[in-house]
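Structure, as structure tokens:
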Amino acid sequence: MNSARKMRSFRVAEFGAPLTEVIESPPSPIGTQVLLRVRACGVCHSDIHLGGGYFDLGNGRKADLSSSVRPPRTLGHEIVGEVDELGPEATGVRVGDRRVIYPWAGCGNCARCRAGEEHLCAKPNDIGVRRDGGYSNYVLVEHPRYLAEFDPLHETFAATLACSGLTAYSALKKCAPVDAENPLLIIGAGGLGLAAVNLARALYGVGPVVADIDPAKRQAALEAGASAAVDPADPATRQRLLKETGGFASAIDFVGATDTTGLGLAVLRKGGQLFVVGLFGGTIEIPVATLPLRSVGIAGSYVGSLPEFHELLALARQGKVKAMPIETRPLDAVQQSLDDLGAGRIRGRVVLTP
């Protein structure tokens with residue numbers, strides 16, 4: 001049925017090399033699968049690491065991704081599409097429906113999946129990582145339950161909710177309560193950080209403090225609703241934050257580098273919690289005795305669950321979540337977009353519109 005149509009994709013053919021354009025026929029869905037024509041796909045910083053084939057673990061160590069991202073692979077996981085064709089067992093959507101995709105599917109059978117935490121499955125089946133994603137004009141989804149309505153949201157905004165929005169939302173929920181007596185620090189004012197600033201207002205009614213070394217990003221954070229924006233490179237910043245707040249009840253590190261995680265730990269009050277989201281890389285040294293003496297906690301936060309995705313979409317559809325700055329580019333600008341993102345030249349999010 002799809003032989004007359006062409007699928008244009010930009011794929012990782014070799015780790016560390018520029019993406020390769022591939023033209024072929026789109027796949028025909030089977031079983032419960034749904035084929036969608038991609039209308040929007042966000043460009044995420046994690047795709048830089050996925051395309052490079054590793055995550056930096058610090059001290060010269062690397063987490064090899066070759067067994068997960070097996071080239072040739074089409075990246076891209078912040079996807080809105082229009083239903084183009086249904087497998088014979090796919091129900092609940094019709095051809096022509098526009099849907100935003102939850103990309104973090106699991107095996108569907110393990111305890112984590114049965115508990116609604118597919119994103120933590122030990123055998124993930126995520127789109128744009130282990131399955132081909134949205135840097136294409138077509139994408140195949142395994143089941144209609146991963147497709148969510150998003151009207152009246154603009155499709156470019158809805159696409160960003162599948163990763164940057166969901167990741168920020170899930171991390172923020174872990175920080176509760178957040179109020180004047182339980183202040184929150186957000187480290188990094190890129191796409192994720194800006195999403196978190198806006199969501200903090202929607203969830204808790206307060207603006208977090210934001211730390212970023214880029215003056216333009218600090219200004220963007222203030223415009224998004226941050227109560228203050230500070231430069232972590234300033235030697236006086238840590239002491240000033242501790243004096244003004246008494247220490248933060250929680251901090252979210254959306255960068256995930258040695259310096260940023262160190263900052264988060266340093267400005268926590270006793271009993272505070274640091275949630276590391278970013279994947280920049282590196283390592284940290286922690287005097288073990290300080291953990292019980294300060295009673296601080298460190299935890300990772302990875303994307304979010306399907307139920308959390310529906311919660312976030314409901315907030316956004318009610319007008320309680322605002323879009324971060326979004327720049328649209330054509331599909332063939334994907335490599336330049338990844339290069340710009342890696343060089344820190346993007347404010348907010350780039351969304352490709354095939």
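The values are calculated or read from the model by the stated rules, or taken from the named source; none is laboratory data. Every value quoted in this text rests on a predicted model; they were computed, and no experiment measured them. Please note: Cβ atoms are built from the backbone with ideal geometry, for glycine as well, and neighbour counts cover all protein chains shown.
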Legend entry - Number of the condition not met by P144 [criteria: (1) assigned by TED's automatic domain parsing to the domain that holds D332; (2) touching a residue at least 60 places away in the same chain (Cβ under 8 Å); (3) within 18 Å of V303 (Cβ to Cβ)]: (3)
Inset, instruction - Output yes when any residue across segment 233-244 is closer than 22 Å to A299 by Cβ and touching a strand residue (DSSP E or B) at 6+ places or on another chain (Cβ under 8 Å), and no when none is. - result: yes
Inset, instruction - Please determine, by comparing only the residues of segment 175-207 that are assigned to a strand (DSSP E or B) and in contact (Cβ under 8 Å) with a residue 40 or more places away in the chain, which one is surrounded by the most Cβ atoms within 10 Å (Cβ to Cβ). - result: I186
Inset, instruction - Just give me the residues in segment 51-60 being in contact (Cβ under 8 Å) with a residue 24 or more places away in the chain, outside any strand (DSSP E or B) and surrounded by fewer than 23 Cβ atoms within 10 Å (Cβ to Cβ), in sequence order. - result: G52, G53, N59
Legend entry - Top-ranked residue of segment 99-130 - restricted to ones that are among the aliphatic types (A, V, I, L, M) and over 14 Å from the mean Cα position of the chain (by Cα), ranked as surrounded by the most Cβ atoms within 10 Å (Cβ to Cβ): V100
Legend entry - Counted residues, segment 208-245 - those being surrounded by fewer than 22 Cβ atoms within 10 Å (Cβ to Cβ), assigned to a loop (DSSP other than H, G, I, E, B) and free of Cβ contacts under 8 Å to residues at least 40 places away in the same chain: 8
Inset, instruction - With the condition kept exactly as written, say whether any residue in segment 266-282 is under 27 Å from the mean Cα position of the chain (by Cα) and part of a helix (DSSP H, G or I). - result: yes
Inset, instruction - Might you let me know whether segment 77-98 holds any residue that is polar (S, T, N, Q), surrounded by fewer than 19 Cβ atoms within 10 Å (Cβ to Cβ) and under 19 Å from the mean Cα position of the chain (by Cα)? - result: no
Legend entry - Residue count for segment 246-260, restricted to those that are within 21 Å of the chain's Cα centre (by Cα), touching a residue at least 40 places away in the same chain (Cβ under 8 Å) and over 18 Å from Y169 (Cα atoms): 2
Legend entry - The listed residue being in a strand (DSSP E or B), of a type in the set (G, A, S) and either free of Cβ contacts under 8 Å to residues at least 12 places away in the same chain or farther than 26 Å from R347 by Cβ (or both), out of A40, A105, A63: A63
Legend entry - Check on L293, in a helix (DSSP H, G or I), without any contact (Cβ under 8 Å) to a residue 60 or more places away in the chain and buried (at least 18 other Cβ atoms within 10 Å of the Cβ): no
Legend entry - Scope segment 278-312; condition closer than 16 Å to A171 by Cα and touching a strand residue (DSSP E or B) at 6+ places or on another chain (Cβ under 8 Å); matching residues: G278, L279, G297, I298, A299, G300, S301, F309, H310
Inset, instruction - Just name the residue that is nearest to C163 (Cα to Cα) out of those in segment 274-290 that are surrounded by 11 or more Cβ atoms within 10 Å (Cβ to Cβ) and β-branched (V, I, T). - result: V277
